[in-house]
Structure formats: C-alpha cells, structure tokens
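A short reminder: the numbers here are calculations on the coordinates, not readings from a lab. Everything numeric here is computed off the predicted structure, so don't read it as measured data. FYI the Cβ positions are ideal-geometry reconstructions off the backbone, even for glycines, and counts take in every protein chain you see.
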Amino acid sequence: MFDREYEWTALAAFATDPGDGATLGIVSGRRRQGKTFLLRALCQATGGFYFAADEAADGESLRRIGASLADHLGTPAPLVFDTWHSVVDALLALGRDRCVPVVIDEFPYLAKANPSLPSVIQNALAPLRAERDTSRTRLLLCGSAMSFMGRLLGGNAPLRGRAGLELVVPTLDHRLAAEFWGIDDPATALKVNAIVGGTPAYRREFARDDTPAGPDDFDPWATRTVLSPTSPLFREARYLLADEPDLHDTGLYHSVLAAIAAGNNNRGGIASYLGRKSGDLAHPLTVLEDCGMIIREPDVFRNNRTNFRIAEPLLTFYHAVMRPIWSDLEHTRDATGLWQRSQRRFVGNVLGPHFGHICRHWTRHLAPAERFGDYPNRVGAGTVNDPANKTSHELDVVAFGLDDDNRTPLITIGEAKWGETMGVGHLARLRRIRALLVGQGRLGAQTAKLTCYSGAGFSAELRRLAGEDTDIILVGLDDLYRQPSPGTNQDSGSPPSRVHDRR
C-alpha cells in the first residue's frame, strides 16, 4: 500500500463502527486511483462481502449478485432474487451478528440499468425499520463516474442525509508521484508527472513498472510507453471519456478539451476554437466539470473572468501532442521522430501550464509558512490591468492570507517559467505589477513578496538581489520536490501525506 493510510483508516473506522443500525458510505474518485484495491483489502481483512458490478441488464446483475452472495455464504446453490429490495435486505442480514462491510463497486452501472436503486437503498435504511435497526452492515457504494457519484448525496437525491461516510480517493501529488515512480531527478519527475499525473495504476499495470532510468532516458521512455501503440497508455485518454456515462457526444467533448489543451482556457477562446457561440458551451463545460475532467479556476482579480484547466494530465498530453499526429503514431514502429517534432507543443502546451499548476499547488499546500510570512489561504492566477500602457499583465501565482478580521491581504505575486532562466527583467515586471496593485488599493500589496518560480534556474544577479532583499523569493525544482518537515499540511482536507509500506 502506498500513501493510502488516511483513506484506509477512515474505511476501517467505518467498517468496524460498533454502533447499532446499518450505515451507508460513499467512496468515489477518478479511475485507476486504487479504490478497488482498498475495498477488496478491507473485505479480506474483515470477512466482508465484495461485489463488482458490470455493465449489464438488471436481470443479469440480480443473478450475478445472488451467485456472489451464495459463494460468500457457502450455500450449495445460487440465491435467487427478483428485486433489489430483497437483495438489499439480504445484504443487511449479513450484519445481524457482527459489524461487516458490504461493498458494491461500480455502483453507477447498476443504477444506470435500474434508476430506482438509490431509492430502494434509501427505503431499506429508513429509521425504525427492523431490517436496518437489527443490522450492523456497513454498506459501501463505490464508483468512478464522478458526475453520478457527486449527485448521490446532493440536492433532493434519495440518499441525501443517509451516508455516514463520504470518501474521495485522490490522485498522488507531484512529490508522492515522484516517489511512487522512483524518480529522484526533479526535472525528470515533473516531466513524467506532466504526462501521467499522479494515477498509481499508470505505473504498475499500464507501464509495467517501466520508469525513466534518468534524465537521458525520459525521451526514450515517452516513446516506448505513452507513444507506443502497444502500450495501454496509448489509448487510455480516449477511454477516459468513453467511461463517463454523461458524455454522450464524445466528439464535442474531445473538441472542448483540445481547445483548452491548445491554450484557449477561457470561454471565449474555446468558443472561437470550436467556431461556436460562447453561450453554446455552458452545457458541455458544466458536464466536463461535473465529471472531474476540467476544473473551473476564477481569476483572483476579476470575478467575471474564469479559466478552465484539464484535471487529468494524460488528457492534456493526448490533445496537445498525440491527437494532432494520431494517424502517424498508429502506423509507426518508432515514434522517436514524431516525438522530436512535437517538442514545441509538449513544452508550450503541456509542460509550461503544468509547471504553473504545480507552483500554485506548492504555494497553497506545501510551502513552509515562513517562506511568505503567512499561511496562504487562497492561491490562483490573476490578470492585472495596466491602464497607462493600455495592456494587462498575467500572474501565474497569486496568494492571499486571512487575517483575524476575515480580510484577505495579498501576500505574494509570482511568475512561473519552466524552460527559461529567470533574471532581473522578470523581477522588474513583478515590481511593476505590484506597484499597479498598490495603486488599486489592494490590501497587503505594499508588502507582498515577489516570487520567481523557475524550472531552469536563476541568473547570478537575481540570486544576489534575493540574498539582499527578503521581499524577493526564488523557488526552483529542488524546492518544489523537497519533502516538507513533519506536520506540514499537504492538503486542505487531509493530514500530511506520507509513504507507507507497499504490498
């Protein structure tokens, strides 16, 4: 097991809760994050019942769960169920004598075939119902269809208010991903992360533990894994969309993702790329956001401006690098030449934006508080108007604190450059932007730190100035990948991430 102690502890506590009455838990997360591994291990450790649903007709699913339950109970013949009411009651009966976890994995498949299933479970778990009150079954519904799972407990959904656990299994952050892949060189680690992100299965099952042996092996690794038609990673980005039940017109959604990957990250730019009106994109953007494919990121200085970012790095890489040359990739035995000709798109559309995202994540969750003089409460990108020069300036990293009066003072503004050595020119630009923010009366702008994030290093002059002025902060790859001191919070909703024993 790798860095899943927090999730395992939460599941174990729920499964062994000695309280009376059956309870419900919801487990979700994007595909390939290890949800099934955790839930199977939980059932094995506690003698629980695990059932993995398939895409099937309702009648077949009833037969399959009857056979699985009979096998679990050791009965000589399969159990026969006519309705899900009787199935759920049989699952509740498993907990009459002891606490027992009951897992239904890929629950969205069952609910797609029988939309009344959430209501059936709601009725079964109703208070003062004998089957529920005399049972200590810990029912866990799991699924990877993020839009569906997100609606299970929301609004007027039947199961709203019924769940005692709602667990989202996240991807590994860039530091944990580097450790999981066994990559010590920060530049190589970030390049790999920009392609495959923090999805554990991409190393184990998809790349078969093939990792770059060093910086010089990154390009050969990319061609023999992600860009090879014989690798499961080659078509994975296409399957990610096909697996989402709410994405009916996949061509449209691929086009929206292609627009964002090409650098058109606002609604107007996406509409122009697709040759459509901006208003036509409200539905596809909302659906992609609900599915966890894209993330809506508001401009920190302009409330009426929103940018969109693709959440899964492999999707960005596919649309920016692979999709434009897909036919050539399918029919080549050696993608080395194609990869070399794609370097500009890889660096400009994949590495650069991903580096900016990593810098924001580090600033918000991983940076030592003393680095900026305060804990960043909100971090994002922003655009600052420059009326005198009739232009605007984009900032890759903007961080705000939170004072005792619930005000949000500005604590740092920053620029991120992946492949460019940063010098005094970049510092002068940040000083100009800070002066504009001071002129606008932004709280904290006068003392805001000026932060340069670089993947290629800093000039000697800039280093000298940073050594003399505490308002200047330089953040390199070593900083981004240096493990935090004990107790440093890595995630706004969970305790520090750590590496644990692997099984």
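Volume per residue of the convex hull around the Cα atoms, evaluated for region 403-486, comes out as 119 Å³.
Region 148-167 and region 101-123 have Cα centres lying 12 Å from one another.
Against the chain, whose longest principal axis is taken from its Cα atoms, helix 5-15 shows a tilt of about 30°. Only helices enter the 222 nm calculation for the chain: every DSSP H run of n ≥ 4 contributes -39,500 (n - 2.57), and dividing by all residues gives -11000 deg cm²/dmol, rounded to 500. With 5 Å bins beginning at zero, the pair-distance distribution over Cα atoms of region 5-168 amounts to 2, 9, 19, 24, 23, 17, 6, 1, 0 %. Ordering His174, His426, His393 from the fewest to the most neighbouring beta carbons within 10 Å gives His393, His426, His174. At full extension, Arg463 and Ala282 could sit 60.6 nm farther apart than now, given 0.36 nm per residue minus the alpha carbon distance. Each label point was placed 7 Å from the Cα along the Cα-to-Cβ direction; for Ala456 and Leu443 their separation is 3.9 nm. Summing +1 for each Lys or Arg and -1 for each Asp or Glu among the other residues whose beta-carbon sits under 12 angstrom from that of Leu436 gives +4.
Computing Rg and the Kirkwood Rh from the Cα coordinates of region 173-341 gives a ratio, Rg/Rh, of 0.99.
Using the Cα centre of the chain as the reference point, and only Cβ charges (+1 on K/R, -1 on D/E), how large is the resulting charge dipole? Debye, rounded to the nearest 20.
The calculation lands at about 860 debye.
From the alpha carbon centroid of region 210-261 to that of region 35-73 is 30 Å.
Can you sort Ile260, Ile121 so the residue with the fewest Cβ neighbours within 10 Å comes first?
Working: Ile260 27, Ile121 24.
In order of increasing Cβ crowding within 10 Å: Ile121, Ile260.
Fully extending the segment from Ile295 to Thr421, taken as 0.36 nm per residue of separation minus the present Cα-Cα distance, adds 42.4 nm. Go through [x] 14, 19, 12, 10, 10, 10, 13, 8, 2, 0; [y] 22, 55, 21, 2, 0; [z] 20, 49, 27, 4, 0 and flag the label whose value is the computed P(r) over Cα pairs in 20 Å bins from 0, in percent for this structure. Of the labelled values, this structure produces [z]. Cross-link pairs exceeding 30 Å between alpha carbons, from the set Lys112/Lys277; Lys35/Lys417; Lys35/Lys112; Lys390/Lys449: Lys112/Lys277; Lys35/Lys417.
Counting only DSSP beta bridges with both residues in the chain, the antiparallel share comes to about 40 percent.
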